[in-house]
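S.K.: After the structure tokens below, expect a handful of questions from me.
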Amino acid sequence: MTNRGKPVRHIVVIGAARSGTKLIRDTLADATNVGRVPYDVPFIWRVGRLDGDDLFSPQAITSKQSRFIRNYIDSYARGGEPTVIEKTVGNTLRVPVVNKVLPDAHYVHILRDGTDVIESTMRQWRGDADRSHLSKKIRHVPLRVLPTYAMQFARDNAQGVIGGGTSRNW
């Protein structure tokens, strides 16, 4: 895809959940005035997949799915600087898929002390769901993937409740 005749460049932040990927994405985007995909978008990377598994091979992605993913990401490019930063955490398990979809991508790999990641993760799991965040994020879900994403979200919440946990099974 192009942005006013210029090809869109891609920067992909790779790192574990709660490792600072959001902080790095936002800091880089603000410092360089480039676009960013504002949320993790696993529903885009798993388009057409009903299993909800983040680990799959590049062979599982069709050229049509690849174009859909790339066009979605490219839609966040800004007019003056056609660069987009993306940081979906699940991409740590599928870098070969990212390479197939965004062959021009440059990577920023985040490493954070595991004990800090665990503490941050436990704090988030024990906290209340941020419904405001969810309502903002849902506006970025394309209609094409909304039914599948909604079904996966409902299934995961039901499993969490049935399992005796919270309403989130993350």
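S.K.: Determine whether region 27-40 contains at least one residue that is open to solvent by 20 Å² or more (accessible area, probe 1.4 Å), assigned to a strand (DSSP E or B) and at pLDDT 90 or above.
M.R.: Yes: region 27-40 contains one or more residues that are open to solvent by 20 Å² or more (accessible area, probe 1.4 Å), assigned to a strand (DSSP E or B) and at pLDDT 90 or above.
S.K.: Next question. If we keep just the residues of region 123-146 that are open to solvent by 60 Å² or more (accessible area, probe 1.4 Å) and over 19 Å from the mean Cα position of the chain (by Cα), which is nearest to residue 13 (Cα to Cα)?
M.R.: 123
S.K.: Just a yes or no: is a residue in region 18-26 modelled with pLDDT under 90 and open to solvent by 50 Å² or more (accessible area, probe 1.4 Å)?
M.R.: Among the residues of region 18-26, at least one is modelled with pLDDT under 90 and open to solvent by 50 Å² or more (accessible area, probe 1.4 Å), which makes the answer yes.
S.K.: OK, next. So, restricting to helices (runs of 4 or more DSSP H) that lie completely within region 60-166, which ones have at least 1 residues that are on the phi < 0 side of the Ramachandran plot and touching a strand residue (DSSP E or B) at 6+ places or on another chain (Cβ under 9 Å)? Explain how you work it out, then say what you get.
M.R.: Working: elements: 63-74, 95-101, 114-126, 131-138, 146-162.
Ranges flagged: 63-74, 95-101.
S.K.: Could you please let me know if residue 70 is in contact (Cβ under 8 Å) with a residue 40 or more places away in the chain, closer than 18 Å to residue 9 by Cβ and of a type in the set (Lys, Arg)?
M.R.: So residue 70 passes the test.
S.K.: Looking only at region 27-59, how many residues end up being of a type in the set (Val, Ile, Thr) and touching a Pro at 6+ places or on another chain (Cβ under 9 Å)? Spell out the reasoning first.
M.R.: As a first pass, look at region 27-59 and keep what is of a type in the set (Val, Ile, Thr): 27, 32, 34, 37, 41, 44, 47.
This time we only want the ones that are touching a Pro at 6+ places or on another chain (Cβ under 9 Å), so: 34, 44, 47.
Of the residues in region 27-59, 3 are of a type in the set (Val, Ile, Thr) and touching a Pro at 6+ places or on another chain (Cβ under 9 Å).
S.K.: Sticking with this structure for a sec: Going by the conditions given, is residue 69 crowded, with 20+ Cβ neighbours inside 10 Å, over 15 Å from the mean Cα position of the chain (by Cα), within 17 Å of residue 142 (Cβ to Cβ) and β-branched (Val, Ile, Thr)? Lay out the reasoning, then the answer.
M.R.: Working: crowded, with 20+ Cβ neighbours inside 10 Å: yes; over 15 Å from the mean Cα position of the chain (by Cα): no; within 17 Å of residue 142 (Cβ to Cβ): yes; β-branched (Val, Ile, Thr): yes.
So residue 69 fails the test.
The values are calculated or read from the model by the stated rules, or taken from the named source; none is laboratory data. The structure presented is a predicted model; accordingly, all values stated were derived computationally and were not measured. Neighbour counts run over all protein chains shown; Cβ positions are idealised from the backbone, glycine included. Side chains are part of the model used for accessible areas, which takes the heavy atoms of the whole protein and leaves out ligands, DNA and RNA. Shrake-Rupley method; radii C 1.70, N 1.55, O 1.52, S 1.80 Å.
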